[in-house]
Amino acid sequence: MSSDSPRSPLGLRDVLSLPDVLGDPWTAETLPLAPDEEGEVVATLVHRSTGTATDRALLHVHGFSDYFFQTAYGEWWLERDHDMYALDLRKYGRSLRPHQSPTYVDDLEAYFEELDAAWERITVRDGHTQVVLAGHSTGGLIVALWADSRRPVELAGLLLNSPWLDLQGPAVLRTWAAGKALDRAGRKRPMRELTRDVTGFYARSLHRDHEGEWDFDFEWKPFGSFPVRLGWLRAIREGHARLQAGLSVPAPVLVLSSDRSSWPKEMNEDIFRTDIVLDVRHIRRWSVAVGRHVTYVAIPGAIHDVILSRKAARERAYDEIDRWLRAYVL
């Protein structure tokens with residue numbers, strides 16, 4: 001066994017990791033990346049071990065205007081003999097630096113650098129041979145593209161929680177002409193911010209100081225979201241096009257979403273029982289484009305981040321994940 005293994009008390013991971021903001025026993029490791037036009041770039045690998053030797057792990061990637069804080073989700077995986085890892089992507093959460101434009105990239109393949117680095121640490125350094133890769137929303141699109149491109153032998157399954165597979169809103173936004181216009185504008189004025197009507201309902205429905213159950217940092221997951229820039233949206237639409245052309249992720253895929261979307265104008269019960277961020281009809285339509293073996297499940301009463309839904313819906317989601325793991329992954 002390598003001296004870099006987490007089973008070793010002097011392993012390299014222990015040297016490089018520091019206590020995380022989530023508190024002991026969660027740790028965080030900064031991953032240095034190639035600088036971009038704004039300067040220094042890093043990502044952050046959050047980790048918690050089962051405490052016993054296991055060759056299984058989960059790597060989770062968050063969505064837009066988000067970061068990893070879902071400790072109950074991590075503990076669920078730990079109870080099932082999976083070491084828990086989560087990646088805060090560049091310019092998000094723990095990885096955001098003062099000189100950076102939050103969330104901005106102009107090509108989704110930029111994220112492949114930190115996914116490669118995280119995967120190498122999880123598999124080669126830490127010795128895991130069966131890794132489930134998970135992504136939520138924008139993170140679901142990113143990890144699907146990465147898994148199709150890299151196809152690592154250790155990939156045991158791909159779990160997508162309300163993945164962003166198409167652009168929500170009126171159909172005209174998804175036309176060829178709209179795509180060409182965005183491509184031109186995104187190239188010409190990539191940093192231009194798009195005007196959006198952000199209600200803050202979703203964050204309010206989640207945070208325990210408002211109408212929700214969960215605790216998170218408003219600096220890293222703000223009520224009003226982070227800006228959406230033309231160059232970033234252009235990159236998203238290019239990612240959508242690649243996925244919709246058909247991927248071939250070789251591992252079993254599970255896609256979870258709510259059973260319904262809604263677009264409320266005021267705080268009401270729909271906010272707590274539907275996806276108010278994405279159109280679940282698009283998730284249903286394009287899930288089959290991810291790979292050769294896809295299971296799609298619509299969870300009644302779930303919200304956009306399915307695992308943060310109210311108790312009955314999230315328990316149903318966990319049951320579906322467990323069923324999928326036992327049937328196709330373990």
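Leu254 satisfies every condition listed in (1) in contact with a Gly (Cβ under 8 Å, 6 or more places away or on another chain); (2) not in a strand (DSSP E or B) except (2). Among the residues of the range 285-300, those that are at pLDDT 95 or above, surrounded by fewer than 18 Cβ atoms within 10 Å (Cβ to Cβ) and in a loop (DSSP other than H, G, I, E, B) comprise His293, Pro300.
How many residues are of a type in the set (A, V, I, L, M, F, W, C) and assigned to a helix (DSSP H, G or I) when one looks only at the range 222-251? Residues meeting the conditions: 7. Check whether at least one residue in the range 236-249 is closer than 18 Å to Ala134 by Cβ, touching a residue at least 12 places away in the same chain (Cβ under 8 Å), of a type in the set (Val, Ile, Thr) and open to solvent by 20 Å² or more (accessible area, probe 1.4 Å), and report yes or no. Checked against the condition, which is being closer than 18 Å to Ala134 by Cβ, touching a residue at least 12 places away in the same chain (Cβ under 8 Å), of a type in the set (Val, Ile, Thr) and open to solvent by 20 Å² or more (accessible area, probe 1.4 Å), the range 236-249 yields no hits at all.
Please pick out the residue among Ala53, Ala28 that is at pLDDT below 95, surrounded by fewer than 23 Cβ atoms within 10 Å (Cβ to Cβ) and more than 16 Å from Thr138 (Cα to Cα).
Details: Ala28 fails: at pLDDT below 95.
Exactly one of Ala53, Ala28 is at pLDDT below 95, surrounded by fewer than 23 Cβ atoms within 10 Å (Cβ to Cβ) and more than 16 Å from Thr138 (Cα to Cα), namely Ala53.
Filtered by the rule that a residue be open to solvent by less than 30 Å² (accessible area, probe 1.4 Å) and in contact with an Asp or Glu (Cβ under 9 Å, 6 or more places away or on another chain), the range 128-141 gives His128, Val131, His136, Ser137, Thr138, Gly139.
Among residues belonging to the range 74-95 that are open to solvent by 10 Å² or more (accessible area, probe 1.4 Å) and farther than 23 Å from Arg234 by Cα, point out the one that is nearest to the chain's Cα centre (by Cα). Give the derivation first.
Pass one, the range 74-95, residues open to solvent by 10 Å² or more (accessible area, probe 1.4 Å): 75-76, 78-81, 90, 94.
Narrowing further to those that are farther than 23 Å from Arg234 by Cα: 75-76, 78-81, 94.
Working: Glu75: 17, Trp76: 17, Leu78: 18, Glu79: 21, Arg80: 20, Asp81: 21, Arg94: 14 Å.
Residue satisfying both the conditions and the ranking: Arg94.
Applying the condition of being in a helix (DSSP H, G or I) and farther than 16 Å from Ala134 by Cβ to the range 301-322 and asking which residue is most open to solvent (accessible area, probe 1.4 Å) yields Lys311. Does the range 96-106 contain at least one residue that is of a type outside the set (D, E, K, R), under 24 Å from Val329 (Cα atoms) and open to solvent by less than 10 Å² (accessible area, probe 1.4 Å)? Taking every residue of the range 96-106 in turn, none turns out to be of a type outside the set (D, E, K, R), under 24 Å from Val329 (Cα atoms) and open to solvent by less than 10 Å² (accessible area, probe 1.4 Å). The set of residues from the range 261-284 being surrounded by fewer than 16 Cβ atoms within 10 Å (Cβ to Cβ), closer than 19 Å to Leu206 by Cα and either of a type in the set (Lys, Arg) or touching a Cys at 6+ places or on another chain (Cβ under 9 Å) (or both) comprises just one member, Lys265. When the residues of the range 190-214 are narrowed to those that are closer than 20 Å to Gly239 by Cβ and touching a residue at least 40 places away in the same chain (Cβ under 8 Å), which ends up surrounded by the most Cβ atoms within 10 Å (Cβ to Cβ)? Looking at the filtered set, the residue picked out is Pro190.
The values are calculated or read from the model by the stated rules, or taken from the named source; none is laboratory data. Computed from a predicted structure; not experimentally measured. Neighbour counts run over all protein chains shown; Cβ positions are idealised from the backbone, glycine included. The area values use the complete protein model at the heavy-atom level, side chains included, leaving out ligands, DNA and RNA. Shrake-Rupley method; radii C 1.70, N 1.55, O 1.52, S 1.80 Å.
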